[in-house]
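Step one of this worksheet: look at the structure below.
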Amino acid sequence: MDIIKGKVIVLGDDVDTDQILPGYAMAEPYDQLGKFAMAGLAGVDFKTVYEPGCILVAGRNFGCGSSREQAPIALQQAQIALVIAKGFARIFRRNAINIGLPVWAADVVDSLKTGDQIEVDLEQGTVTVNGETKRFQPMAENVIKTLSYGGLIPRVRAELGITE
Amino acid sequence: MNLVEKYLAKAAGKDAVSPGMDLSCRVSYVAAHDVTAPIAIKMFRQIGVKKVFDPDRVALIVDHIYPASSEKARDNVWIMDDFAKEFGVHLYQRGEGVIHQLMYEKHRAQPGELVVIADSHTGTCGGYGAVGVGVGSTELAAAMATGKLDLEVPEVVQIYLTGKRPGNVFGKDVILYLGSRFGTDHLVDRALLFTGPGIEELSVAERMTICNMGIELGSMITLFGTTEREPDTAEDLELDLGALEPQIACPFSPANVVPVSRVAGTAITQVVVGSCTNGRLNDMEQVARAFEGKHVHPDVNTLVVPASKEILEEMEKRGWCKIIRDAGATVLNPGCGSCFGAHEGLASARDVVVSTTNRNFPGRMGSMKANIYLASPATAAASALTGRITVPEA
């Protein structure tokens, strides 16, 4: 996978799926979800810190709550390049990987601030900020494989040899 | 092996499994609702297979936004209708009820069978002994196509229940209390297993309430076993039901839990009793009993939402709908709307809500500033009558 570079937005613990994509946006058409990304975020006005290609950096249990796949889809459509958190809720983590949005468990939230520019190498497990590189557990190989196909469906199709 | 491992081993066709092992498990039932099904259908069509693994074991249920609150919501129903006709799967689109209750009423899995639903509260079926794993739309599409689910064997945290519960303590209070013990993420990628003589104190409906909210503690699977203690668990906690008092989750986390007595007296403006957590007949009975011959507090908007049409019909037969209406409350059609801020009971910044639902995240029921408390139907009903958070009578 390519090295991911971007501006950091620091978030707290337990950022739930209602904050990532509020209930009122759930019936929106698939391709319109990006407009509602992080629309329910508590404590931060997301629009004021957001830029395309940015990297969300959070604490514990990011994505807790609903199974709505609309949540990671909204982040992907808003061009969030990567989410790094101390930990992820299980269903959100799997949903994100299944649609091809990179999410990576690493404890960096306390050493970064909103606005920092970072470089992340998921295969090596490194985060570089201001020329200083820190190492973490690299992303699992199986996850990198799914992401490299662009998600679970393209991977399954390729593995089943379906072309039509 | 513990019970979770035995069940997963059977579903995977293996003699023995252990935590961390990757399995491909046979699925007994697959289901999705109007928020998750449209994307699952889109993904299913992208896979490119010509049929679902077994149409009789696939159910689509319109519960989250029923009746439609917008044209977009209605369009999602049509996507499900088209798919159901094309692939011959079950479709419930006339307000029959909330997905986890309907799966119990219409497509009940046997103990140990694997149920995969595109909804986070799929653990609910652990109350009747089935293994429920909640997934997103893409994984559901894959399960619909293959009849299989890939998962890793979780470590098991066992709760060994003992003692007799006080008359004002219910399944809801048990799981809320565990939220205060474990927090929101201790059980991520793990399973929560209830055993011990205390489980006989809890009806299947109350066990379903407990399993419903396992996800709020992060759990992958929540399951009731037997009165015997299970071996090979990662953690073991003994819990005396007799020592519990009614519990309440304060804003803005289901794990921000204190005894109701600690916040008693807080003025409230809305009460919601219902949802896949607490919309069953036993829950409605708590409300009817509390409201009989009384009137809810004039400051409180009181909404009662049975989890299925079958429950609603039984309430009517028993005269409970009349009792509830005469008390000044509103009986709504079965559905999920008021729980997650879709429609039918949104809260504004001025509202303080006591709800029997499962989440009180910021903005869950509408305004980010609305304060939501989560409690049992008994606590909610007692609070509706006084207009203040109230400990129900034992």
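The values are calculated or read from the model by the stated rules, or taken from the named source; none is laboratory data. Not measured: the values here are computed from a predicted model. No Cβ is skipped: glycine too gets one built from the backbone with ideal geometry, and neighbour counts run over all protein chains shown.
Tallying residues that are of a type outside the set (Phe, Trp, Tyr) and not in a loop (DSSP other than H, G, I, E, B) within the range B:368-394 yields 14. The one condition from (1) within 9 Å of chain A (Cβ to nearest Cβ); (2) in contact with a helix residue (DSSP H, G or I) (Cβ under 8 Å, 6 or more places away or on another chain); (3) of a type outside the set (Asp, Glu); (4) under 23 Å from residue A:17 (Cα atoms) that residue B:31 does not meet is (1).
For the structure I just gave you, tell me whether residue B:372 is under 29 Å from residue B:215 (Cα atoms), within 14 Å of chain A (Cβ to nearest Cβ) and out of contact with any Leu (no Cβ under 8 Å at 6 or more places or on another chain). Yes. Residue count for the range B:304-326 satisfying the condition of being outside any helix (DSSP H, G or I) and surrounded by fewer than 22 Cβ atoms within 10 Å (Cβ to Cβ): 2.
For the range B:170-182, the condition of being more than 26 Å from residue A:90 (Cβ to Cβ) and either aromatic (Phe, Trp, Tyr) or surrounded by fewer than 24 Cβ atoms within 10 Å (Cβ to Cβ) (or both) holds for at least one residue.
Of all residues in the range B:222-238, those that are more than 12 Å from residue B:162 (Cα to Cα) have Cβ atoms under 7 Å from Cβ atoms of residues that are among the hydroxyl-bearing types (Ser, Thr, Tyr), 6 or more apart or on another chain, in B:225/B:195; B:226/B:195; B:230/B:195; B:236/B:160. Can we say residue B:56 is without any contact (Cβ under 8 Å) to a residue 40 or more places away in the chain and surrounded by fewer than 16 Cβ atoms within 10 Å (Cβ to Cβ)? Here the answer is yes, as residue B:56 does meet what is asked.
In the condition set (1) assigned to a helix (DSSP H, G or I); (2) in the same structural domain as residue B:372 (by TED's automatic domain parsing), residue B:272 is compliant with all but (1). One residue alone among B:222, B:226 is within 14 Å of chain A (Cβ to nearest Cβ) and either of a type in the set (S, T, N, Q) or outside any strand (DSSP E or B) (or both), and that residue is B:222.
Being basic (Lys, Arg) and within 14 Å of chain A (Cβ to nearest Cβ): is that true of residue B:262 here? No; evaluated as a whole, the condition is false for this residue.
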